[in-house]
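Readers should treat all values here as calculations from the given coordinates under stated rules, not as data from a laboratory. Here the structure is a predicted model, which is why all the values come from computation and not from measurement. Positions of Cβ are backbone-derived with ideal geometry, glycine not excepted, and every protein chain shown enters the neighbour counts.
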Amino acid sequence: MDPRLRGDDEERANIPFRLPGNPQPAPASLCRPTLPPPAIAIKSSTWHGGCKDHPAIIRDQAVMAENDLFGIHGAALAVRSQRMATLASNIANASTPGYKAKDVDFAAALKGAETGRVDAVAANTKYRLPTQMSMDGNTVELATEQTAFAENAVAYQTTLSFLNGRIATITRALKGE
Amino acid sequence: MADNPMNIFQVAGRAMSAQLVRMNTTASNLANAGGVATTPDAAYRSIKPVFRTQFDAASGMATVNVERVVTAGEEPTKRYDPGNPLADQDGNVWENAVDETRELVDMLESARTYQNNVEVMQTAKSLIVDTLKLGR
């Protein structure tokens, strides 16, 4: 078994991503504008007038409410979903000459998403280092992609069941059963 | 298509149509294997699709398009066959240059890639359905 596919997410995060020999640069259109991280410590007593309606404050409140209820799992589900899209793109381009496979560094992306960065996944998407280069410059290795896709799908379902557990707990508490 | 952000079904779906074009060219090539013509220009040449990655800036996804279909492969081979009704005045016919082995391998690979995309679509569908059932 490939040692890179074992271990938990933390171990996987330590695998160095390196650019392959002749990388094709990602198109400039892929880069998203970086938004400043949301300000966190805003006391309600310091608010005045229209400040409450400021989009940054509304967003902070939404982020905090979500974190109280779902913890890390809400952000994890979003990152898993975006990683699934990246892996699906790799599989779709399995026979396109010159295509360079990409993958999301899950642990780093989740850490970024937790701090409220909107470009957390895009910033932590790296090119995959192929075990063997192909003659047409394509770095998609189907076995790797399929394994990663399956693993990601299982992790997505795990996150879903964590969320379901939280919702069931809250529902039970509300009903007072 | 460029107006809306791409989703996983479009990525897999368009990859499937690209593989289907590839499968069609393979079928055309195999159907014409062994055919002959009077002149080299009239002889059949194998056709191949050219795949090209299409990036979607909004979602960061990439799907695949068939840019064009080109003729590729070897030149038709001359064979002396005076009994053939298509033979020219020197008694030669030009045989279509279709590498059957290569075409069959291509067909297998394209079928596998198609299956992979179907699998991606099924997995994505079941995960989305599970997400919709969240909290029930």
So for chain B, averaging the separation of alpha carbon pairs under 8 Å that are six or more residues apart and normalising by length, what relative contact order in percent results?
31
Over 28 Å between Cα atoms, which of A:K100/B:K133; A:K126/B:K133; A:K126/B:K125; A:K100/B:K125; B:K48/B:K125 qualify?
A:K100/B:K133; A:K126/B:K133; B:K48/B:K125
Any idea how far apart B:L20 and B:R68 come out in nm if each label point goes 7 Å out from Cα toward Cβ?
2.4
Of B:M107, B:M121, B:M16, which is the most mobile in a GNM of chain B whose springs link Cα atoms less than 10 angstrom apart?
B:M121
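When B:L132, B:L30 are ordered from fewest to most other Cβ atoms inside 10 Å of their Cβ, what list results?
Working: B:L132 9, B:L30 16.
By the 10 Å Cβ count, ascending, the order reads B:L132, B:L30.
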The stretch A:68-107 - Kirkwood radius from inverse mean 1/r over Cα pairs (Å):
11.5
Mind giving me the FRET efficiency for B:D130 and B:A42? R0 is 45 Å, r the Cβ-Cβ distance, nearest 0.05 is fine.
0.20
When B:L134, A:L163 are ranked with the fewest other C-beta atoms within 10 Å first, the list becomes B:L134, A:L163
Counting pairs of Cα atoms in chain B, how many percent are more than 22 Å apart?
55
Sticking with the crude label model, points 7 Å out along Cα→Cβ, report the distance from B:V105 to A:I72 in nm, one decimal please.
4.7
Neighbour-count ranking [beta-carbon atoms within 10 angstrom, fewest first] of A:Y127, A:Y99
A:Y127, A:Y99
